[in-house]
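J.: Dumping the structure here so I can ask a few things about it.
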Amino acid sequence: MSGTIGVALLGAGNIGSGVIAALAAGAARYAARVGQPLELRRVLVRDAARVRHGFRADQVTTKIGDILADDATRIVVELLGGEEPARTYIEQSLRSGRHVVTANKEVMAKFGATLLQVAHDHGVRLLYEASVGGGIPVIAPLSRDLLANEVSAVTAIINGTTNYMLTAMAQQGADYEDVLAEAQELGYAEPDPTADVEGIDASFKLAVLCGLAFNVDLAPADVAREGITGITAQDIAYAHELGYVIKLLASATLIDGEVAATVRPTLVALSEPLAKVDGVLNAVQVEGDLVGRVIFEGPGAGAGPTASSVLADVLDAARDVATGRRPLAFIPRRAVRVRPPEEHEARYYLRMTVQDRPGVLGRIAQVLGDAQISIASFIQYEVPDAPEGTADIVFTTHRAREGALTAAIRAIEQMDVVLEIGNVLPMAG
Ligand code: NDP
Ligand code: HSE
């Protein structure tokens with residue numbers, strides 16, 4: 001073995017600390033797998049005064065210049081999160097001829113195509129396995145193992161925080177705020193958990209998956225998005241009674257050369273594999289013309305699983321350094337028309353609170369029928385503690401266009417007998 005391969009870390013938070021610990025614990029094994037030992041050189045943080053574990057105080061810096069000036073650093077691992085300064089530091093590292101490993105889905109979703117081109121132009125690699133699905137191998141399989149397929153659909157649970165929350169709410173009747181606090185304590189949530197509960201994190205990840213699965217340039221803003229903040233205990237209970245669970249589902253389909261992409265709370269039939277993906281587990285289901293359906297499942301957040309993906313990329317880049325292997329060409333992505341939500345089609349679940357008197361149901365059914373929306377099932381519930389003379393009603397529909405449904409809901413909302421439209425959620429399949 002000749003010399004060491006220098007690695008610098010940007011960020012030593014939940015994930016950075018996990019990577020540093022695993023790098024130390026597995027040092028001998030990694031040296032054997034790469035052919036040369038890895039050496040942690042510098043660690044960039046925001047607060048240099050804070051006491052840290054796993055590295056020396058003289059390794060800490062707050063300046064990217066210190067890392068870029070160190071010739072022995074060949075791999076930069078970005079674990080800061082957020083758009084800036086992460087994007088700038090990644091680009092500077094690539095332009096300086098370093099391989100970069102990142103777990104940053106926001107940067108990859110917004111600037112991935114540009115940065116991958118920069119990496120290629122400078123003969124280095126930008127690796128991002130940990131940016132989607134935590135510890136689940138999904139970026140590498142989509143980039144390599146499924147390359148022969150025409151992928152028609154990606155359906156995924158790709159936010160550990162919200163899946164953890166929805167599972168606890170469904171299985172233990174847990175309170176929303178309590179389970180969010182638990183997910184934060186466990187290190188699953190983003191620094192601002194709004195990104196998790198509003199579906200923003202999942203929309204970044206879906207944009208990254210679409211880039212690979214369909215080879216298209218899809219911006220996060222192209223993903224129609226709704227978070228879990230409006231999901232009530234009633235929705236969870238009614239869905240269960242109908243034979244479904246509610247999951248924050250990220251789905252993208254390629255239809256006639258156009259993409260429809262959504263992140264929304266969705267009813268998933270209990271018989272479907274995705275319905276059984278609970279807690280912090282994530283899953284990515286891919287449908288390809290040759291392979292059929294494949295599902296990648298595993299822990300979607302947390303220090304250990306994410307360090308597994310980050311270090312896989314670090315070892316892969318280190319092998320390039322050790323062997324002098326050159327990166328493969330970057331295949332430019334194509335522009336694509338993105339279907340607006342009103343053109344999406346699905347089956348739907350509708351919950352509303354109405355006055356409990358004769359004729360109400362008929363009037364609502366008439367509005368849905370006029371909009372060509374066919375009702376598949378209907379249930380009326382008495383709600384304990386609700387005002388006298390009111391009831392919850394839940395419809396499920398056959399496949400309908402979202403635009404037609406939205407127009408019908410607007411008309412139903414105006415009816416004097418309708419007190420509240422509770423929720424309108426798509427149903428998978
Ligand atoms: P944390 O907030 O725990 O850690 C962020 C680290 O980056 C801290 O060490 C912080 O410094 C440092 N940092 C942040 N901003 C700056 C800045 N402007 N300048 C210098 N240092 C800065 O985040 P996580 O470890 O949870 O997440 C890191 C990345 O990994 C994110 O992109 C996240 O989306 C991704 N990820 C997270 C997963 C998880 O389960 N948490 C799973 C998969 C991916 P200081 O310590 O001084 O505050
Ligand atoms: N906050 C993210 C989640 C971390 O909960 O899934 C993993 O990317």
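The values are calculated or read from the model by the stated rules, or taken from the named source; none is laboratory data. Every value quoted in this text rests on a predicted model; they were computed, and no experiment measured them. Here Cβ is always computed from backbone atoms with ideal geometry, including for glycine, and neighbour counts include all displayed protein chains. Note: accessible area is taken over every heavy atom of the protein model, side chains too, but ligands, DNA and RNA are not part of it. Shrake-Rupley method; radii C 1.70, N 1.55, O 1.52, S 1.80 Å.
J.: From the list GLU182, GLU190, GLU177, which residue is within 30 Å of THR253 (Cα to Cα) and open to solvent by 10 Å² or more (accessible area, probe 1.4 Å)?
T.: Residue meeting the stated conditions: GLU190.
J.: Also, I was wondering about something else. Can you find, within segment 97-117, the residue that is nearest to the chain's Cα centre (by Cα) among those that are more than 16 Å from ligand 2 (Cβ to nearest atom) and open to solvent by 10 Å² or more (accessible area, probe 1.4 Å)?
T.: Looking at the filtered set, the residue picked out is PHE111.
J.: Being open to solvent by 40 Å² or more (accessible area, probe 1.4 Å) and within 28 Å of the chain's Cα centre (by Cα) is the filter; apply it to segment 50-88 and report the residue that is nearest to GLY187 (Cα to Cα).
T.: Residue satisfying both the conditions and the ranking: LEU80.
J.: Of everything in segment 143-167, what is in a strand (DSSP E or B) and either within 19 Å of SER131 (Cβ to Cβ) or modelled with pLDDT under 95 (or both)? Give them in sequence order.
T.: Those that are in a strand (DSSP E or B) and either within 19 Å of SER131 (Cβ to Cβ) or modelled with pLDDT under 95 (or both): VAL151, VAL154, THR155, ALA156, ILE157.
J.: Which condition number does MET427 fail, the rest of (1) closer than 25 Å to TYR244 by Cα; (2) modelled with pLDDT under 95 being met?
T.: Of everything listed in (1) closer than 25 Å to TYR244 by Cα; (2) modelled with pLDDT under 95, MET427 misses just condition (2).
J.: Go through ILE364, ILE373 for me and flag whichever is part of a helix (DSSP H, G or I) and closer than 27 Å to HIS240 by Cα.
T.: ILE364
J.: Next question, about the same structure. Of all strands (runs of 3 or more DSSP E) completely enclosed by segment 253-308, which ones contain at least 2 residues that are crowded, with 22+ Cβ neighbours inside 10 Å and touching a Leu at 6+ places or on another chain (Cβ under 7 Å)?
T.: Answer list for segment 253-308: 258-269, 281-288.
J.: Here is a list of conditions, (1) assigned to a loop (DSSP other than H, G, I, E, B); (2) touching a Leu at 6+ places or on another chain (Cβ under 6 Å); (3) of a type outside the set (S, T, N, Q), and ASP313 meets all of them except one; can you say which number that is?
T.: The single condition ASP313 does not satisfy is (1).
J.: Residues THR167, THR155: which one is hydroxyl-bearing (Ser, Thr, Tyr) and under 15 Å from ILE228 (Cβ atoms)?
T.: THR167
J.: Here is a further query. Which of (1) touching a residue at least 40 places away in the same chain (Cβ under 8 Å); (2) open to solvent by less than 10 Å² (accessible area, probe 1.4 Å); (3) in contact with a helix residue (DSSP H, G or I) (Cβ under 7 Å, 6 or more places away or on another chain) does VAL138 not meet, given it meets every other one?
T.: Exception for VAL138: condition (3).
J.: Ok, one more. Going through GLY123, GLY135 one at a time, which residue ends up being within 12 Å of ligand 1 (Cβ to nearest atom), in a loop (DSSP other than H, G, I, E, B) and small (Gly, Ala, Ser)?
T.: GLY135
J.: In segment 309-326, which residues are open to solvent by 30 Å² or more (accessible area, probe 1.4 Å) and either more than 16 Å from ligand 1 (Cβ to nearest atom) or at pLDDT below 95 (or both)?
T.: ASP316, ARG319, VAL321, ALA322, THR323, GLY324, ARG325, ARG326
J.: Can you tell me how many residues within segment 35-57 are over 12 Å from ILE20 (Cβ atoms) and in a loop (DSSP other than H, G, I, E, B)?
T.: 9
J.: Right, something else. Evaluate segment 396-404: report whether one residue or more is part of a loop (DSSP other than H, G, I, E, B) and not assigned by TED's automatic domain parsing to the domain that holds PRO265.
T.: Looking through segment 396-404, at least one residue is part of a loop (DSSP other than H, G, I, E, B) and not assigned by TED's automatic domain parsing to the domain that holds PRO265.
J.: With the requirement that a residue be assigned to a helix (DSSP H, G or I) and either within 10 Å of ARG333 (Cα to Cα) or modelled with pLDDT under 95 (or both), what does segment 206-227 give you?
T.: GLY211, LEU212
J.: Can I ask one more? Before we move on, is ARG326 in contact (Cβ under 8 Å) with a residue 12 or more places away in the chain and touching a strand residue (DSSP E or B) at 6+ places or on another chain (Cβ under 8 Å)?
T.: no
J.: What about ALA365, is it among the hydrophobic types (A, V, I, L, M, F, W, C) and more than 16 Å from ligand 1 (Cβ to nearest atom)?
T.: For ALA365, the condition - among the hydrophobic types (A, V, I, L, M, F, W, C) and more than 16 Å from ligand 1 (Cβ to nearest atom) - is met.
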